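The values are calculated or read from the model by the stated rules, or taken from the named source; none is laboratory data. On a predicted model such as this, the values are computed, not experimentally measured, just so you know. Glycine also receives a Cβ, built like all others from the backbone with ideal geometry; neighbour counts cover every protein chain displayed. Accessible surface is based on the protein model in full, side chains and every heavy atom, while ligands, DNA and RNA are left aside. Shrake-Rupley method; radii C 1.70, N 1.55, O 1.52, S 1.80 Å.
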Amino acid sequence: MKVTVRNARFQQWEALLTNRNKRQRAGVFLIQGVRPISLAAANGWRFESLLRPEGRQLSEWARGIIRDSDAEVIDVAPELLAELGERGSGEPELIAVGVARPDDFGRITCGPDFFGIVFDRPISPGNVGTLIRSADAFGASAVVVTGHAADIYDPKAVRASTGSLFSLPVVRARSTDEVSAWVHERQRAGTPLRIVGTDEHGTADIADYDLTGPRLIVIGNETSGLSARWREACDDIVRIPIGGGASSLNAATAGSVLLYEAARQRRAVQR
């Protein structure tokens, strides 16, 4: 199949760049870049279609992705494909139309070594992607994004995750109560999972708090921090001591610090 003009098919792809509702209704999203596409393929994510520039010679990498996928391959006019790619990165060699995975807590394995992170009502898709990347880097078990939040499948979030979105479970939840219900199910099943919030007025510094057991860390909204409902749901609230002229940390940065401290404590226990 070929797309050489701005037909209905192209307009559907174009909408996936900016229109969250259309991404959700269609259940698909755009994946840009070599590393994200490679990690999506390596982790078994399904591609609906693969878009390649018409008349261009492809690299061995691109030919391999196409060869190993059963997705529809579509030749797209290079100038149109460039409009679907990352700004300032030139003409892309390949863009994947990925199929979103279900927001199902059954995708998350919660055992004695579990530590996951919740990002509540994040505003910035870049922050969402950054936190997912940190969670992957520091060995977290899962990321949960709650409430009315930036979309994990926004191209900005996918790019900021550098493909880590495809390497660990990332689940969207409608509310605090939905997450709390899952935590209580895990507790009834025998996992002593604790919910740990973060706030500048927390009762303990993160270095003095035990993050080695099953833990679900909650990071609040970039503007307003933890919601009242999350404060009620937390078993403990910890703080990150900071100095200088900064009044607070960026939410994704705060989450990354917590993830690092959890990973550090767990490595120390294993020695």
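Specify which of the listed residues (Ser167, Ser161, Ser134) is of a type in the set (S, T, N, Q), open to solvent by 10 Å² or more (accessible area, probe 1.4 Å) and closer than 20 Å to Pro102 by Cβ. Selected residue: Ser167, the only one of Ser167, Ser161, Ser134 that is of a type in the set (S, T, N, Q), open to solvent by 10 Å² or more (accessible area, probe 1.4 Å) and closer than 20 Å to Pro102 by Cβ. Taking the criterion of being under 23 Å from Ala149 (Cβ atoms) and either crowded, with 19+ Cβ neighbours inside 10 Å or over 23 Å from the mean Cα position of the chain (by Cα) (or both), the residues of region 249-271 that qualify are Ala251, Ala252, Ala254, Gly255, Ser256, Leu258, Leu259, Ala262.
When you scan region 199-218, do you find a residue that is touching an Asp or Glu at 6+ places or on another chain (Cβ under 6 Å) and open to solvent by 20 Å² or more (accessible area, probe 1.4 Å), even just one? Within region 199-218 (the criterion being touching an Asp or Glu at 6+ places or on another chain (Cβ under 6 Å) and open to solvent by 20 Å² or more (accessible area, probe 1.4 Å)), the answer is no, since none of the residues qualifies. The residues on offer are Phe105, Phe47, and the sole one that is closer than 30 Å to Val144 by Cβ, within 17 Å of the chain's Cα centre (by Cα) and aromatic (Phe, Trp, Tyr) is Phe105.
Just wondering, is there one or more residues in region 228-245 that are without any contact (Cβ under 8 Å) to a residue 40 or more places away in the chain, over 16 Å from Ala142 (Cβ atoms), in a strand (DSSP E or B) and out of contact with any helix residue (DSSP H, G or I) (no Cβ under 7 Å at 6 or more places or on another chain)? No, the conditions are met nowhere in region 228-245.
Conditions: (1) without any contact (Cβ under 8 Å) to a residue 40 or more places away in the chain; (2) out of contact with any strand residue (DSSP E or B) (no Cβ under 9 Å at 6 or more places or on another chain). Glu222 meets all but one. Number of the miss? Here Glu222 clears every test but (1). In region 64-91, the residues that are open to solvent by 70 Å² or more (accessible area, probe 1.4 Å) reach residues that are of a type in the set (A, V, I, L, M, F, W, C) and part of a strand (DSSP E or B) with C-beta atoms within less than 9 angstrom, at least six apart or across chains, in these pairs: Asp70/Phe47; Glu72/Phe47; Glu72/Leu50; Glu72/Val97.
Among the residues examined, Thr4 does not qualify as closer than 18 Å to Glu86 by Cα and exposed (fewer than 15 other Cβ atoms within 10 Å of the Cβ).
Residues that are closer than 17 Å to Phe29 by Cβ and of a type outside the set (Phe, Trp, Tyr) within region 44-64 comprise Gly44, Arg46, Glu48, Ser49, Leu50, Leu51, listed in sequence order. The number of residues in region 21-34 being assigned to a helix (DSSP H, G or I), of a type outside the set (A, V, I, L, M, F, W, C) and surrounded by 14 or more Cβ atoms within 10 Å (Cβ to Cβ) comes to 3. Filtered by the rule that a residue be open to solvent by less than 80 Å² (accessible area, probe 1.4 Å) and either of a type in the set (Gly, Ala, Ser) or over 15 Å from Ala204 (Cα atoms) (or both), region 230-243 gives Trp230, Ala233, Gly243.
Among the residues of region 182-203, those identified as over 18 Å from Ala228 (Cα atoms) and not hydrophobic (A, V, I, L, M, F, W, C) are His184, Glu185, Arg186, Gln187, Arg188, Gly190, Thr191, Pro192.
Of the residues in region 44-54, not one is touching a residue at least 12 places away in the same chain (Cβ under 8 Å), among the acidic types (Asp, Glu), in a helix (DSSP H, G or I) and open to solvent by 40 Å² or more (accessible area, probe 1.4 Å).
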